[in-house]
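Please read the structure below before turning to the comments.
The values are calculated or read from the model by the stated rules, or taken from the named source; none is laboratory data. Computed from a predicted structure; not experimentally measured. Note that each Cβ is placed from the backbone with ideal geometry, even for glycine, and that neighbours are counted across all protein chains shown. In case anyone asks, the SASA skips ligands and DNA or RNA and just uses the protein heavy atoms, side chains included. Shrake-Rupley method; radii C 1.70, N 1.55, O 1.52, S 1.80 Å.
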Amino acid sequence: MNKQNVISIKNLNKIYFKNSSKSINALNNLNLEVKEGEIFGLLGPNGAGKSTFINILAGITIKSSGFVNVWGFDLDKNPRQVRASIGIVPQEINVDPFFSPKKLLELQAGLYGIKKKNRITDTILKLVSLEKQKNSYTRSLSGGMKRRLLVAKALVHQPPIIILDEPTAGVDVELRGNLWKNVKSLNEQGVTVILTTHYISEAEEMCDRIGILNKGSLAA
Ligand code: ADP
Ligand code: MG
């Protein structure tokens, strides 16, 4: 049986204007489909447009033109539903150092309007192996733990799709393996995964399908 597309991108363009004379075509008529239940790798060199693509899905960056459909929702008509359907693990680590992992996840759940009784904070902490650290200051966590906490944060609203932007940049080999285990187990539970990387070996090892992004369009 054919799997359904959970993300469908048509002729997506993003032009950044630096000043009146200079502009950058970060995305150039990008066409892309991601199928339900797969791990899709978006591979490309620095500056290829990977983060721009993800930030458009996240609602952080506004597209210049084109169509984005996520989980059956059109980004122009239902931006909220698009955002509710995805959990994003950003490229930059940006967690408040003075909150504990548990507190941080509770705050995030609050932001999404999830009632106390419907929260799965402890389950998520277990999934990313941060149970022991759940009440420690985030600033005392290692780099790999902080990244796993970002993964946890993206899971709070139980999205069917999770997107990781360069998840292993600056993460050591052991923790990288750990992170992959987490991602695989999420995928086995039915979550569709998209990850970006500039390491071809990583993409080959982890992903069911790979798209190569170069200068804002899909090369293969
Ligand atoms: P990647 O994540 O693949 O490294 P990016 O999406 O970050 O690529 O960047 C794609 C291109 O867009 C680059 O040329 C980058 O300099 C440019 N760019 C990204 N963000 C901005 C921005 N906020 N303003 C202007 N140019 C940007
Ligand atoms: Mg990037």
Could you tell me which of the residues 135, 178 is in contact with a Ser or Thr (Cβ under 9 Å, 6 or more places away or on another chain) and in a loop (DSSP other than H, G, I, E, B)?
135
For the range 111-118, check the following and say yes or no: at least one residue is of a type outside the set (A, V, I, L, M, F, W, C), buried (at least 17 other Cβ atoms within 10 Å of the Cβ) and away from ligand 2 (no atom under 16 Å from the Cβ).
no
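Yes/no matrix, rows are residues, columns are (1) farther than 22 Å from residue 70 by Cβ; (2) open to solvent by less than 40 Å² (accessible area, probe 1.4 Å):
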{"site": "139", "(1), (2)": "yes, no"}
{"site": "153", "(1), (2)": "no, no"}
{"site": "165", "(1), (2)": "no, yes"}
{"site": "168", "(1), (2)": "yes, yes"}
{"site": "181", "(1), (2)": "yes, no"}
Is it fair to say residue 51 is open to solvent by 40 Å² or more (accessible area, probe 1.4 Å) and either farther than 24 Å from residue 37 by Cβ or within 16 Å of ligand 2 (Cβ to nearest atom) (or both)?
no
If we scan the range 130-148, do we find a residue that is closer than 23 Å to residue 51 by Cα and of a type in the set (A, V, I, L, M, F, W, C)?
yes
Given the criteria among the aliphatic types (A, V, I, L, M), open to solvent by 30 Å² or more (accessible area, probe 1.4 Å), within 15 Å of residue 161 (Cα to Cα) and not in a helix (DSSP H, G or I), does residue 88 qualify?
yes
Specify the residue that is farthest from ligand 1 (Cβ to nearest atom); the eligible residues are those in the range 1-31 that are touching a Ser or Thr at 6+ places or on another chain (Cβ under 9 Å) and within 24 Å of residue 189 (Cα to Cα).
6
